[in-house]
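Below is one structure; the comments refer to it alone.
The values are calculated or read from the model by the stated rules, or taken from the named source; none is laboratory data. Here the structure is a predicted model, which is why all the values come from computation and not from measurement. Neighbour counts are summed over all protein chains in view; Cβ atoms, including those assigned to glycine, are modelled from backbone coordinates with ideal geometry.
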Amino acid sequence: MITDNYDGRLQQPLGSGYNAATTATTIIKGIDLSGKTALVTGGYAGIGLETVKTLAYAGAAVWVPARDIAKATKNLEGIPGVTIKPLELMDPASIDALATAFLATGKPLHLLINNAGIMWVPLRRDARGYESQLATNHLGHFQLCARLWPALKQAGNARVIAVSSYGHQIAPFDFDDPNFERREYETLAGYGQSKTANNLFAVELDHRAKGFGVRAYSLHPGSVNGTDLGREAPMALFQQMGTHDADGNIYPEVARKLKTVAEGAATSVWCATSPLLKDIGGVYCEDADIAVIDDGTITHRYDEPATLHGVQPYAVDAANARRLWSLSEQMTGIPFPVA
């Protein structure tokens, strides 16, 4: 019996009955999260905020770590059961402080949704010299998960969700130069390898943690309208992809094909709650189902969001997953033995 997703062995759609137009509200219908605790990074804007709302109104107590406490307080006002705490994913001390605060409650952590991320930014480095997209999107979440492991294990039936992206198809993980110290910096390559890292992390965490009742998943939320993920991206990038005109306006025909925020959050909520995934983990998901392996026969066009699907074999490769785990321990200085 196949029990993990090494080399994409479980990358087969389940026929969930959902699609790109399914919303988070539809996914959560009939699911009661009373007595459950979730932590959603970046849960105060975009699909993260929608994810928090969905989980909270289903009865979960939700911790929302935030870089911008004022913005989080404003956006989360009126949502029941929410706890806001400071977090800077590029600051290891901030990550440790958040984890310490959570562990001090003595509560189990049933859902860890690593939703926060940055995209298409200029070359920046954290205090350790690590490239910012890798530090924020992967290494910070690796450290957070490692520190919260006692609470995840305590839950006995926990799920860890890595919000990845179709963007992983832009670049595999460069094990020889992950921080662009010897190669020219390309923001899309940096973003792509950080999203590939999200996928590989889910593959390996699931492999190691399933014996403790903890399963892991990665996902592509879809091409979503109304988020600020690409706020620093130069317009030339969007124009190069064929989504915006010469004046910087998104083509109406492209905008109509983008997901709403409620649709974009659906796959996160599905990975976190679906009973269909009870005995399955380590898989990369999209449109509230498991994605197919991209075998090279899918034609992708950025102006046709529905074509942006599938997972690259290198992003679910067992050897890559093991190698990234070891490198992540080395780069963060944090052993994560999952024991």
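Of the helices (runs of 4 or more DSSP H) lying entirely inside the stretch 1-108, not one contains at least 3 residues that are modelled with pLDDT of 95 or more and charged (D, E, K, R). For the subset of the stretch 244-268 comprising residues that are part of a helix (DSSP H, G or I) and in contact with a strand residue (DSSP E or B) (Cβ under 9 Å, 6 or more places away or on another chain), which member is modelled with the lowest pLDDT? Top of the filtered list is Val254. Annotation note: Cβ proximity below 9 Å between a residue of the stretch 17-29 that is on the phi > 0 side of the Ramachandran plot and a residue that is not in a helix (DSSP H, G or I) (sequence gap 6+ or interchain) occurs for Gly17/Ala288; Gly17/Asp289.
Regarding Asp294, is this residue surrounded by 15 or more Cβ atoms within 10 Å (Cβ to Cβ), among the acidic types (Asp, Glu) and under 15 Å from the mean Cα position of the chain (by Cα)? Spelling it out, it is not the case that Asp294 is surrounded by 15 or more Cβ atoms within 10 Å (Cβ to Cβ), among the acidic types (Asp, Glu) and under 15 Å from the mean Cα position of the chain (by Cα). For the stretch 114-128, filtering for residues that are over 12 Å from Leu188 (Cβ atoms) and surrounded by 17 or more Cβ atoms within 10 Å (Cβ to Cβ) leaves 6. In the stretch 171-179, is there at least one residue being modelled with pLDDT under 95, farther than 26 Å from Gly106 by Cβ and touching a Leu at 6+ places or on another chain (Cβ under 9 Å)? No. For Ala321, the test of being closer than 18 Å to Thr196 by Cα and either at pLDDT 95 or above or in a helix (DSSP H, G or I) (or both) is passed.
For every residue, the table says whether it meets (1) within 18 Å of the chain's Cα centre (by Cα); (2) surrounded by fewer than 19 Cβ atoms within 10 Å (Cβ to Cβ); (3) at pLDDT below 95; (4) not charged (D, E, K, R).
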residue	(1), (2), (3), (4)
Asp287	yes, no, no, no
Arg301	no, yes, yes, no
Glu304	no, yes, yes, no
Thr307	no, yes, yes, yes
Val311	yes, no, no, yes
Trp325	yes, no, no, yes
Ser328	yes, no, no, yes
Thr332	no, no, no, yes
Pro337	no, yes, yes, yes
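Of the residues making up the stretch 170-190, those that are in a loop (DSSP other than H, G, I, E, B), buried (at least 17 other Cβ atoms within 10 Å of the Cβ) and out of contact with any strand residue (DSSP E or B) (no Cβ under 6 Å at 6 or more places or on another chain) are Ala171, Pro172, Phe173, Asp174, Pro178.
The residue pairs whose first member lies in the stretch 32-47 and is under 17 Å from Ile84 (Cα atoms) and crowded, with 24+ Cβ neighbours inside 10 Å, whose second member is aromatic (Phe, Trp, Tyr) and at pLDDT 95 or above, and whose beta carbons are closer than 9 Å, counting only pairs six or more residues apart or on different chains, are Ala38/Trp63; Leu39/Trp63; Leu39/Phe102; Val40/Trp63; Gly43/Trp63.
Does at least one position in the stretch 134-148 carry a residue that is of a type in the set (S, T, N, Q), surrounded by 18 or more Cβ atoms within 10 Å (Cβ to Cβ) and either assigned to a loop (DSSP other than H, G, I, E, B) or out of contact with any Leu (no Cβ under 7 Å at 6 or more places or on another chain) (or both)? Checking the stretch 134-148: at least one residue is of a type in the set (S, T, N, Q), surrounded by 18 or more Cβ atoms within 10 Å (Cβ to Cβ) and either assigned to a loop (DSSP other than H, G, I, E, B) or out of contact with any Leu (no Cβ under 7 Å at 6 or more places or on another chain) (or both).
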